[in-house]
1. List residues of segment 83-123, by number, whose backbone nitrogen lies under 20 Å from a label position 7 Å along Cα→C-beta of residue 136.
2. Which of 123, 219, 14 has the fewest other C-beta atoms within 10 Å, and how do the rest follow up to the most?
3. Pop a pseudo-label 7 angstrom from the Cα along the beta-carbon direction at both residue 32 and residue 296 and give the gap in nm to one decimal.
4. What is the fewest-to-most order of 7, 217 by other Cβ atoms lying within 10 Å of their Cβ?
5. PRE reach from residue 329 (point 7 Å along Cα→Cβ): which of segment 265-280 fall under 15 Å by backbone N?
6. Hey, fewest Cβ within 10 Å first, where do 343, 125, 355 land in order?
7. Mean residue ellipticity at 222 nm from the helices of the chain, using -39,500 (n - 2.57) per DSSP H segment of n ≥ 4 over the full residue count, to the nearest 500 deg cm²/dmol?
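Since every read-out is calculated from the coordinates, none of them should be taken as a lab result. Everything quoted here is computed from the prediction, not taken from an experiment. Don't worry about glycine lacking a Cβ; one is built from the backbone with ideal geometry, like all the others, and counts go over all protein chains shown.
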């Protein structure tokens, strides 16, 4: 066992004894890694080179125990959330973990938002939602790891609020945290892709420290597993399909009352009462939507889920949670949000229902566009 050696990809302690445990590295790979200065565990090596993900035996409690340490230090907490899945990417009870430390709330993946969405309106909504969750951030900002200027602006904000202290980056799995940190390292030190990144939940397994010039550190923490994320119900291929990587193109559907719109086999939107109008879906450009009659929608779903309605795929249907219904009476222009999937904008008063896998949120908000 080599306790002092850490994987630079996920932060886990390197060990050469048990291939089924975290941090395993074959002895030959360990020697090569020490020679090159790039020491990765086998899991990170496979993820980086072959895009393979291996299960790990860390529990949700292990992740939360690491988070608990944050309240005992004097630091700036940078909480990264996915603006495409804001509710699904808030850490439950984060305000209790951080103690008196200031929190900078960062909405990631801003590059996928439609250009018609006004950023100040989104930031205001994020502030309101975080306050409802008990969090009082010192500032709220939007960013994207794909835009250099965004990273420069984020670094300025971090420097403004850290006041010489360490910085802890926290977030649930799949919010793009490691990609963001890699870009920060690349711009600051000219080093590419130090931390393992992937679209699969739970990539960073332990604390990873990146030093600042003044002796303080930027610390990447494990992604907290939020079981009510859509990502946890999807296979590898479908996670890529559902998680947008390019600007979302709005899709307009003219629907009468008594009609249903399926978002693959993952969610469903019913128009129960109201005049015919154009509903606008903001979801991944790769996700196939299907319109049908409300009266026979449940039977249609049973017959076609895993086939015409994908994801989930045919071999995943048996393990996929049932869809749960949420009904709303809408009085003004409103977004109906499927956590982790996107939203449907409802332009006029009507009665609608949204269905999502059991445990995944369906909420309404004042329309952002």
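1. Answer for this model: 91-106.
2. On the way: 123 17, 219 20, 14 24.
Arranged by neighbour count, lowest to highest, 123, 219, 14 become 123, 219, 14.
3. 5.8 nm
4. Working: 7 27, 217 17.
Final ranking by Cβ density, sparse to dense: 217, 7.
5. Only 272-274 pass the distance filter.
6. Working: 343 26, 125 18, 355 23.
By the 10 Å Cβ count, ascending: 125, 355, 343.
7. On the way: 10 runs with 93 residues, N = 369.
Only helices count here, giving -7000 deg cm²/dmol.
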